[in-house]
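Trainee: This is the structure I want to talk about, given as structure tokens.
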Amino acid sequence: MSRGDSPSAGEGPAPRQLWVEEPAARRPMADPVRKAAVRAVLIVSLTLIQAMVAFLCTLTGSWLAFPMVLSSVASTVVATWAVLDVWVTRQVWRQRHGVVSEPSSSARRLRREHRRARRAARATARRDARIRRREPRTQLSEAEV
């Protein structure tokens, strides 16, 4: 039976799906990071096009070559800024929304120990304050001494 023939009832392979969802290897980018990345890709692509036009104008000896080279230099600065913006936005997002850390992390263990020590110190301070409030305040006058 060829591929074009229709199988009779109960025969042949099951029909194939057009779209099969596969689990992503990594989590998707956060929206602010994605926006910065799209902005950076557009700016870098326009900068590359502008640099190519400046190069071709220089080869042909056009009067437009000098202004295009100057604007290409400025666009390169802007493109570098846009790429750095992606990196900074990603770092800020990770810092604000947290990063999954391993429970065995030594930094996490140290923070836990510091937290326990601070809690113990606060509990001791509260207990001492309560004891001081309960003690009767008797002062000896000069006559009793």
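The values are calculated or read from the model by the stated rules, or taken from the named source; none is laboratory data. All values derive from a computational prediction rather than experimental measurement. Positions of Cβ are backbone-derived with ideal geometry, glycine not excepted, and every protein chain shown enters the neighbour counts.
Trainee: Being modelled with pLDDT of 85 or more, farther than 30 Å from A54 by Cα, under 15 Å from the mean Cα position of the chain (by Cα) and surrounded by 10 or more Cβ atoms within 10 Å (Cβ to Cβ): is that true of R122 here?
Mentor: Considered against the rule, which asks whether it is modelled with pLDDT of 85 or more, farther than 30 Å from A54 by Cα, under 15 Å from the mean Cα position of the chain (by Cα) and surrounded by 10 or more Cβ atoms within 10 Å (Cβ to Cβ), R122 comes out as no.
Trainee: When both residues are 6+ apart or on different chains and their Cβ atoms are under 8 Å apart, which pairs have a first residue that lies in segment 94-116 and is closer than 25 Å to P28 by Cβ and at pLDDT below 85, and a second that is of a type in the set (K, R) and surrounded by 10 or more Cβ atoms within 10 Å (Cβ to Cβ)?
Mentor: S101/R108; E102/R108
Trainee: Here is a follow-up. Name the residues in segment 42-67 that are surrounded by fewer than 16 Cβ atoms within 10 Å (Cβ to Cβ) and either in contact (Cβ under 8 Å) with a residue 24 or more places away in the chain or under 24 Å from R96 (Cβ atoms) (or both), would you?
Mentor: Across segment 42-67, the qualifying residue is only L46.
Trainee: Give the residues of segment 19-59 that are of a type outside the set (V, I, T) and assigned to a loop (DSSP other than H, G, I, E, B), sorted by residue number.
Mentor: Once the filter is applied, which keeps residues that are of a type outside the set (V, I, T) and assigned to a loop (DSSP other than H, G, I, E, B), segment 19-59 yields W19, E21, E22, P23, A24, A25, R26, R27, P28, M29, A30.
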